[in-house]
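What follows is a short report on a single structure.
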Amino acid sequence: MTAKPRDGEIAFFIYRNKLLPGVFVSGEGGKVRFKTGARESLNVPRENVVLCTGEVVQNQGQAAAWLGVVEQASLAIDLEEVWELVKEENETWTLEGLADLCLSEGATSQELAGVLVGLEGSRFFDRLDSGYQALSDEAVAVKQAAEAKESARAEERRLFQSWLNGGDASRSIEKHVESWVTRLMDCVLYGATSAHARWLTRMTEEKVDGRLLFERLVREGVWHPDEHLDLVRQDIPLVFSDEALALAKEIAIDPEDEKRKDLRILPVYTIDDARTTDMDDGVSLVFREDGTRQLGIHITDVTSLVPFGSVLDQEAYERGSSLYFPDLKVPMLPNLLSSDLGSLSPDAPRLALSMLFEVGRDDSLGQVELVPSVVQSRGKLSYEQVDEILENPGDPRHSEMKSIHGIAEAHWMERLQAGAIDVEHPDRRILVGEEGDVSVELLSNNSASNLLVSEMMVLANVAIARFCDENEIPVVYRVQKAPDLSKVAEEENEILRRYRVLRQMSRANLSEEPGLHGGLGVSPYCQATSPLRRFADLAVQRQLMAFLQDEPLPYSAEEVRTKLLQSGEQLRTQIQLERKRERYWLYKHLQDQKGQSFEALVLDVLDRELHVEVVDYAFQTRIKPARPVEPGDRIEIKLVRSDPWEDTISFTQIG
């Protein structure tokens, strides 16, 4: 057994199979205690003490200085030469025995300790309980290869850390950069769940913020500073396959198709946002001498453009819907179809599904005929233009639009009486310029033109749902439990009322069975008016058009239950994707307004937070209260932080 060290003596011992030096502090029974740093100490079994150096020190500084000399002494010892002398003898050597072979007579304790330190890291000897044994040539070769590999890894770590922190590029890193970039991209996208997360920890030797990795990839030119990472994460393609584009070029329409009703004589108009290029619905009105009218709602026939089961069909299904972001539009179908052949562009014959409603003198709706048709738009109108037409009796389109608006208003009142929810919510529009400048505006969606268009779409969707239900055509319906508004008191403040009403509403669900849509006050209901933009709408249109043309239904009831319901659920995820990206640009817009004050309306008082709506931007957030307030109070808040990368924003209450 090794002699017990003296107080303050430096000794070497084994701890968790590693050789460590320490200054002896105390010993009791079979345990000894060593100080290994300014504030660290370890208890080890006495038999783990390998060498008592005889060097007594007064403090850790003296110990560190002495051990520094030991380290230098270890570097001066040629253990390979000693190994060559003893490798054939197959003996177990003591520390002193090996020291005699490589040190001259009268060696100091530091030189002996140097031999010990050198043996610990040596590729030529293995430490055993009873001493040291020389390794075979083969074992040394294996260790040497492992050391070379670790040395190469250490060098790569050094180069990587320099490159990551913006160090100068050199030829020595060229062979690594492509691999680094691929792995960093995965780490940014998937964080701790990335397949390369452990590699990154090994390379950086510390936890690294994902934003630092992203910024390095931006400097490398891999990503744009405002890269939409969720698109990459979800593997949403921004371009179509060559096969899909080739098929789109082959598509042609036949406006003289005898199976279709020629409605090109009707005065069809599309009403959309002025920037819209994919116009998939239009309206028409014909007056009769007896005071009755024929209202037409015309939906572009996408089934004629996207062959069932084709590569175009498959890509549309996988995309699920068109995606609209402030800085980007990702269409469900190639532009050749969505903005050309499938769009109800002015003065161009287009194939459509038309719903022709009989309308009484009192704006009541009678029978409706659903027919495959050919239509030709007389013009593309914006919401603003329709509002002007409605206000101008001198406009040649005034009578038609005024009459359609009257029908829409009557239908709206009918839905309200059936329990439809009436809440006003401004439309927040965020636009991103070519230079990355962001503008935000709030648009009212309760104008006469908004009511006209929204009611026509509800009317069309209800008519299609009823037709499918009556004729047992399998489709996906949307159902929603009627909300209980008995707890929502009459509230003059529209923002607070909207918040309280929406909190009482359950989520609309997809179902293969028809049912009530409580929020809209109709039954049954499906979505079929945006076949250019939503695959679920295209699928409903497919079923309906096949039935009308006496063709086999494309989807069985089982396929509706599985494939199409799944497609509808995918749409929920995509809506969240659009909202998150909108927040990104809103928060980026607000970054430069740190410290500025805003008006907010208190929506709810929680235990330790206020739920408020920032009035100028119509978005909700939570803040810490600075004084007692009540729901409906208007307060002033100050922007503290807006971080689009972290998708967070924070305000404080003023006063």
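The values are calculated or read from the model by the stated rules, or taken from the named source; none is laboratory data. Keep in mind the model is a prediction, meaning the values are calculated, not measured. Positions of Cβ are backbone-derived with ideal geometry, glycine not excepted, and every protein chain shown enters the neighbour counts.
Among the residues of the range 385-403, is any among the polar types (S, T, N, Q) and farther than 19 Å from GLY296 by Cα?
yes
Could you pull out the residue among LEU520, LEU538 that is under 19 Å from MET332 (Cβ atoms), touching a residue at least 60 places away in the same chain (Cβ under 8 Å) and surrounded by 17 or more Cβ atoms within 10 Å (Cβ to Cβ)?
LEU538
Just name the residue that is surrounded by the most Cβ atoms within 10 Å (Cβ to Cβ) out of those in the range 171-220 that are out of contact with any Asp or Glu (no Cβ under 6 Å at 6 or more places or on another chain) and not in a helix (DSSP H, G or I).
Out of the qualifying residues, it is VAL208.
Restricting the search to the range 75-117, which residues are aromatic (Phe, Trp, Tyr) and either outside any helix (DSSP H, G or I) or not assigned by TED's automatic domain parsing to the domain that holds GLY54 (or both)?
TRP93
Of everything in the range 554-585, what is surrounded by 17 or more Cβ atoms within 10 Å (Cβ to Cβ) and in contact with a Pro (Cβ under 8 Å, 6 or more places away or on another chain)? Give them in sequence order.
TYR555, VAL560, ARG581, GLU582, TYR584, TRP585
Would it be correct to say that VAL479 is on the phi < 0 side of the Ramachandran plot, crowded, with 18+ Cβ neighbours inside 10 Å, in contact with a helix residue (DSSP H, G or I) (Cβ under 8 Å, 6 or more places away or on another chain) and not in a helix (DSSP H, G or I)?
no
Check whether at least one residue in the range 265-273 is closer than 29 Å to GLU369 by Cα, in a loop (DSSP other than H, G, I, E, B) and under 32 Å from the mean Cα position of the chain (by Cα), and report yes or no.
Within the range 265-273, one or more residues are closer than 29 Å to GLU369 by Cα, in a loop (DSSP other than H, G, I, E, B) and under 32 Å from the mean Cα position of the chain (by Cα).
Residues checked against (1) crowded, with 18+ Cβ neighbours inside 10 Å; (2) touching a residue at least 60 places away in the same chain (Cβ under 8 Å):
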| site | (1), (2) |
| --- | --- |
| GLY291 | no, yes |
| ILE297 | yes, yes |
| THR300 | yes, yes |
| LEU344 | yes, yes |
| SER354 | yes, yes |
| GLY360 | no, yes |
| GLU369 | no, no |
| GLY379 | no, yes |
| VAL386 | yes, yes |
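Tell me which residues, restricted to the range 276-289, are in contact with a helix residue (DSSP H, G or I) (Cβ under 6 Å, 6 or more places away or on another chain), surrounded by 23 or more Cβ atoms within 10 Å (Cβ to Cβ) and under 17 Å from ARG534 (Cα atoms).
ASP278
Among residues belonging to the range 283-307 that are under 34 Å from the mean Cα position of the chain (by Cα) and assigned to a strand (DSSP E or B), point out the one that is nearest to ASP257 (Cα to Cα).
Filtering the range 283-307 for residues that are under 34 Å from the mean Cα position of the chain (by Cα) and assigned to a strand (DSSP E or B), the one nearest to ASP257 (Cα to Cα) comes out as THR300.
Please enumerate the residues belonging to the range 86-129 that are crowded, with 18+ Cβ neighbours inside 10 Å and among the polar types (S, T, N, Q).
Selection gives GLN110, SER122.
Considering the range 363-397 alone, what residues qualify as being within 18 Å of LEU266 (Cβ to Cβ) and assigned to a loop (DSSP other than H, G, I, E, B)?
PRO396, ARG397
Residues of the range 542-601 being of a type in the set (D, E, K, R) and either touching a Ser or Thr at 6+ places or on another chain (Cβ under 8 Å) or over 26 Å from SER650 (Cα atoms) (or both), which ones?
ARG542, ASP550, GLU551, GLU558, GLU559, ARG561, LYS563, GLU569, ARG572, LYS588, LYS594
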